[in-house]
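Below is one structure; the comments refer to it alone.
The values are calculated or read from the model by the stated rules, or taken from the named source; none is laboratory data. Please read all numbers here as calculations on a predicted model, not as lab measurements. Glycine gets a Cβ as well: all are built from the backbone with ideal geometry, and neighbour counts include every protein chain shown.
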Amino acid sequence: MLLADGLCGRRSLAGLGQGMVTRGMTSNDDTGLKREASEQLERLGLSAYAARTFVALVTLEGGTAKDVSEVVDVPRTRVYDAAEELVDQELATIESSTPQRFRAVSIERALLVLSTEYADRIDDVISNLEAIGGVESSLRRETLWLVTDADEIERRIEEFLSAADETVLFATAGSDPSASVVDDLVGAADRGVAVSVAGVSQSVEQRLEATTGSIDCDERPWDPETIPVSTVLIVDDERSLLTLETADSLALWSAEEPNNLLVFVRALLGVDQ
């Protein structure tokens, strides 16, 4: 599946997610965050009522029109239209119940949906500007790919590592890499590739260090509590892969220049390879 590169809008969306899941705040703080999140969603294209309804559904983890109207400033009768808009945007689902109940998609899924929509709008603007100016942009958003199959993600990681010539950065916030991925990391180091890993368990560190002395073990460069990223792979400063912390397998990868995913990873996570 080919995915337009909407990652320029993803940093603000990550902040949006943080605001909606923060716990232990005062009532005034909570109200301010809801308002800010709603305004951010409006700037990304949702109507005011849809934006507020989405924020309410995230707050409630699902609810009826009455529930939503009690949490945010949306008339009960308008919640239904707002929910339909969210469903059309693939940001919510409607449960078959009486009364109807609505549920927001996960923040990770919303991030993907909204960033893709945002990218489509940017693409339209750039296309028009290119036509007006008679020039062509060097950016190629069509080089970003989405993978939702766990086996394919594993295969892509192993392919990138097997092709590494100079540098590898592998960082994880989830479970340890599979034995085959560890083998590929060791194999890369044996070929003289400068390999760095972060976030792996002590047992994996010990195996890597016992096999080769050229692997650096560092701390993970991001906080998984605030950034829903589970794995980052950067190879030769050209190929990049990022998996999101979701219930289902979800990864973005790019291996062509200009690599906008690589730019995003470095900006968001502070990676400097």
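Every test in (1) within 27 Å of T116 (Cα to Cα); (2) out of contact with any Phe, Trp or Tyr (no Cβ under 7 Å at 6 or more places or on another chain) is passed by Q100 save one, and that test is (1).
Here D237 fulfils each of the conditions (1) modelled with pLDDT under 90; (2) over 17 Å from D165 (Cβ atoms) apart from (2).
Residue count for the range 159-183, restricted to those that are crowded, with 18+ Cβ neighbours inside 10 Å and either of a type in the set (S, T, N, Q) or farther than 20 Å from R220 by Cβ (or both): 2. Residue pairs whose Cβ atoms lie under 6 Å apart, separated by 6 or more positions or on different chains, with the first residue in the range 191-209 and more than 17 Å from S178 (Cα to Cα) and the second surrounded by 19 or more Cβ atoms within 10 Å (Cβ to Cβ), are V193/A164; V193/V168. The condition (being over 20 Å from T31 (Cα atoms) and charged (D, E, K, R)) is satisfied by just one residue among R52, R101, R76: R101. Of the residues making up the range 201-234, those that are modelled with pLDDT of 85 or more, of a type outside the set (G, A, S) and in contact with a Ser or Thr (Cβ under 6 Å, 6 or more places away or on another chain) are T231, I234.
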